[in-house]
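K.L.:
A single structure is presented below for examination.
The values are calculated or read from the model by the stated rules, or taken from the named source; none is laboratory data. Nothing here was measured: the structure is a model prediction, and the numbers come from that model. Every residue, glycine as well, gets a Cβ built from its backbone with ideal geometry; the counts of neighbours run over all protein chains shown.
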Amino acid sequence: MNSRRTFFKQISGAALAAGAAPVFAWAFPDKTESTISLPGEDGMIVRSSRFVDLETPVEYLNSWLTPVPHFFVRNHMHEPSELDPTTWKLSIGGEVEKPLTLSLSQLQKLETHSVVNTLECAGNGRGFHRPQVPGIQWGKGAVSTAKFTGPCLRDVLHQAGLKSSGKHVMFRGLDEIPGKVPPFVRSIPIEKALDSDTLIATHMNGAPLTKHHGLPARALVPGWIGAASCKWLTEIKVLDSEFVGNFMNPGYRLPNQPVKPGDVVKPEDTHVVTSLNVKSVISGPIDGSTLRPGKISVHGAAWAGEADVAKVEVSTDGGTSWKPATLGKEQSRYAWRLWQHEFAAKAGEYSVLSRATDTQGRVQPESPVWNPSGYLFNAIDQVKIHVS
Ligand code: MTE
């Protein structure tokens, strides 16, 4: 335990230095450092302490529901310093007949629905792209799974009398904005907003949301990149077209066509990132570990956004041959599948790989699909182990 803590502290220090590069040039360091205490003692990797950005160590990606203290945290700005759920209000306006303001107790009187969702940051794995791209240099753990509960967004939109002119739904959070930085405001298309699984979540794994995860209410847009799920929700506005703002453009966009690593892409040749890719990661054995000869269990998690995981394959010989892994029993539309594969190991060096395929026929690629913002990294995962 002690050596693991030391190991994480070392990683955290290195990561802090590496992760300090802002995604956008306007995100200059300000002088008012956040005073939020970081749960570093839980072993989380601190990718940035200026705004709280915590990565889940890959070996924690081994339970169907991630315990909340181990659920990754991604903040573009400061968390709200004063947030009182008893006085908090949520306004619903724009293209609606009867604009509404709801208190938390009014929101909680509405019928609730639960969705087990794997939330992944679009930038997860950015640190593996070459050439390197600016932004938080996430490793494998800007992803976690929880059961989110709250009213369906569509019930609230219908209560407000959604007009047929409503084409997008915009979310605004209560982040504290440092200096002249644009606020974290984004929108989702009306079809996704009206999906019965899109929630105004107030609970995570059966308990009220914690501050890191959006207390008292957040949007939950299942199967989509984490950025769609706005935290500390204060305003929902129905728009007649997509929201125009930094976190829609130039932020969170992918090239329309594949590009060569290092290419410059014009904004007009890009589109907004929405659903997640097919991906698997190995949560054990840990990369670089030494194990005894005999049966070795390779295990991990695999997810595919709005699609389902069809299979996970494991190679223990660097990709020459592949064997099917056994998928875990726990299953829900937008949640990852845990998987496991056992093999008999003799003394030697092993390169162990995992590769997921989804029900849309997408397969994890051998090499990363590079893009200028380093989004949706999903190359085949690999660990090297020594058996002696
Ligand atoms: N909502 C607000 N208001 N501010 C933010 O910075 N970050 C987004 C999203 N919602 C963000 C936000 C991003 S980029 C991600 S990946 C998810 O929150 C992360 O959710 P989590 O911190 O609960 O894991």
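K.L.:
Going through 101, 66, 145 one at a time, which residue ends up being β-branched (Val, Ile, Thr) and within 29 Å of residue 180 (Cα to Cα)?
P.N.:
Result of the check over 101, 66, 145: 101.
K.L.:
Sort out which residues of region 312-360 are touching a residue at least 40 places away in the same chain (Cβ under 8 Å) and over 26 Å from residue 294 (Cβ atoms), and write them in order of number.
P.N.:
Once the filter is applied, which keeps residues that are touching a residue at least 40 places away in the same chain (Cβ under 8 Å) and over 26 Å from residue 294 (Cβ atoms), region 312-360 yields 330, 332, 333, 334, 335, 336, 356, 357, 358, 359, 360.
K.L.:
Oh, and also: Determine whether region 158-165 contains at least one residue that is within 12 Å of the ligand (Cβ to nearest atom), in contact with a strand residue (DSSP E or B) (Cβ under 7 Å, 6 or more places away or on another chain) and over 22 Å from residue 244 (Cα atoms).
P.N.:
Residues of region 158-165 within 12 Å of the ligand (Cβ to nearest atom): none.
Within region 158-165, none of the residues are within 12 Å of the ligand (Cβ to nearest atom), in contact with a strand residue (DSSP E or B) (Cβ under 7 Å, 6 or more places away or on another chain) and over 22 Å from residue 244 (Cα atoms).
K.L.:
Quickly run through region 62-80 and pick out the residues that are over 13 Å from the mean Cα position of the chain (by Cα), under 25 Å from residue 329 (Cβ atoms) and not in a helix (DSSP H, G or I).
P.N.:
Listed by number, the residues that qualify are 62, 63, 64, 65, 67.
K.L.:
Does at least one position in region 316-325 carry a residue that is touching a Pro at 6+ places or on another chain (Cβ under 8 Å) and modelled with pLDDT of 95 or more?
P.N.:
No; the residues of region 316-325 include none that is touching a Pro at 6+ places or on another chain (Cβ under 8 Å) and modelled with pLDDT of 95 or more.
K.L.:
May I pose another question? Taking region 129-149 on its own, how many of its residues are among the polar types (S, T, N, Q) and either without any contact (Cβ under 8 Å) to a residue 12 or more places away in the chain or surrounded by fewer than 16 Cβ atoms within 10 Å (Cβ to Cβ) (or both)? Outline the logic, then answer.
P.N.:
Step one: list which residues in region 129-149 are among the polar types (S, T, N, Q), which gives 132, 137, 144-145, 149.
Narrowing the set further to residues that are either without any contact (Cβ under 8 Å) to a residue 12 or more places away in the chain or surrounded by fewer than 16 Cβ atoms within 10 Å (Cβ to Cβ) (or both) leaves 132.
So the count comes out to 1.
K.L.:
Out of the residues in region 62-92 that are surrounded by fewer than 14 Cβ atoms within 10 Å (Cβ to Cβ) and of a type in the set (Ser, Thr, Tyr), which is farthest from residue 247 (Cα to Cα)?
P.N.:
Taking the candidates together, the pick is 86.
K.L.:
Looking at 285, 267, 255, 250, which is the one that is under 26 Å from residue 361 (Cβ atoms) and more than 14 Å from the ligand (Cβ to nearest atom)? Steps first, please.
P.N.:
Working: 285 fails: under 26 Å from residue 361 (Cβ atoms); 267 fails: under 26 Å from residue 361 (Cβ atoms); 250 fails: under 26 Å from residue 361 (Cβ atoms).
Testing whether each residue is under 26 Å from residue 361 (Cβ atoms) and more than 14 Å from the ligand (Cβ to nearest atom) leaves just 255.
Yes/no matrix, rows are residues, columns are (1) over 30 Å from residue 90 (Cβ atoms); (2) in contact with a Gly (Cβ under 8 Å, 6 or more places away or on another chain); (3) surrounded by 22 or more Cβ atoms within 10 Å (Cβ to Cβ):
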position	(1), (2), (3)
224	no, yes, yes
235	no, yes, no
239	no, yes, no
248	no, no, no
259	yes, no, no
262	yes, no, no
294	yes, no, no
302	yes, no, yes
318	yes, no, no
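K.L.:
Please specify each residue of region 118-151 satisfying the condition of being within 14 Å of the chain's Cα centre (by Cα), within 13 Å of the ligand (Cβ to nearest atom) and assigned to a loop (DSSP other than H, G, I, E, B).
P.N.:
Hits for region 118-151 are 121, 122, 123, 124, 125, 136, 138, 141, 142.
K.L.:
Within the set of pairs 6+ apart or on separate chains, which have a first residue in region 150-162 that is more than 10 Å from residue 97 (Cβ to Cβ), a second that is among the polar types (S, T, N, Q) and surrounded by fewer than 22 Cβ atoms within 10 Å (Cβ to Cβ), and C-beta atoms under 7 Å apart?
P.N.:
Short answer, once both residue conditions are applied: 150/112; 151/112; 152/196; 154/196.
Each row is one residue, and each column tells you yes or no for (1) modelled with pLDDT under 95; (2) more than 10 Å from the ligand (Cβ to nearest atom); (3) more than 19 Å from the chain's Cα centre (by Cα).
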position: 180; (1), (2), (3): yes, yes, yes
position: 185; (1), (2), (3): no, no, no
position: 192; (1), (2), (3): no, yes, no
position: 198; (1), (2), (3): no, yes, no
position: 208; (1), (2), (3): no, yes, yes
position: 222; (1), (2), (3): no, yes, no
position: 230; (1), (2), (3): no, no, no
position: 241; (1), (2), (3): no, yes, yes
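K.L.:
Further question: For residue 47, only one of the following conditions fails: (1) touching a strand residue (DSSP E or B) at 6+ places or on another chain (Cβ under 7 Å); (2) crowded, with 18+ Cβ neighbours inside 10 Å; (3) at pLDDT 95 or above. What is its number?
P.N.:
Tallying (1) touching a strand residue (DSSP E or B) at 6+ places or on another chain (Cβ under 7 Å); (2) crowded, with 18+ Cβ neighbours inside 10 Å; (3) at pLDDT 95 or above, residue 47 fails exactly one: (3).
K.L.:
Looking at 63, 103, 91, which is the one that is touching an Asp or Glu at 6+ places or on another chain (Cβ under 9 Å), small (Gly, Ala, Ser) and modelled with pLDDT of 95 or more? Lay out the reasoning, then the answer.
P.N.:
On the way: 63 fails: touching an Asp or Glu at 6+ places or on another chain (Cβ under 9 Å); 103 fails: touching an Asp or Glu at 6+ places or on another chain (Cβ under 9 Å).
That would be 91, the only listed residue that is touching an Asp or Glu at 6+ places or on another chain (Cβ under 9 Å), small (Gly, Ala, Ser) and modelled with pLDDT of 95 or more.
K.L.:
Restricting to region 60-103, name every residue that is touching a Lys or Arg at 6+ places or on another chain (Cβ under 9 Å) and away from the ligand (no atom under 16 Å from the Cβ).
P.N.:
Passing the criteria: 64, 92, 93, 94, 95, 96, 97, 101, 102, 103.
K.L.:
Quick one: in region 167-208, of everything that is part of a loop (DSSP other than H, G, I, E, B) and charged (D, E, K, R), which residue is surrounded by the fewest Cβ atoms within 10 Å (Cβ to Cβ)? Let's see the steps before the verdict.
P.N.:
Kept after step one, since they are part of a loop (DSSP other than H, G, I, E, B), are these residues of region 167-208: 167, 174-175, 177-184, 194-198, 202, 205-206.
Cutting the leftovers down to charged (D, E, K, R) gives us 167, 175, 180, 195, 197.
Values: 167: 16, 175: 21, 180: 7, 195: 17, 197: 20.
It comes out as 180.
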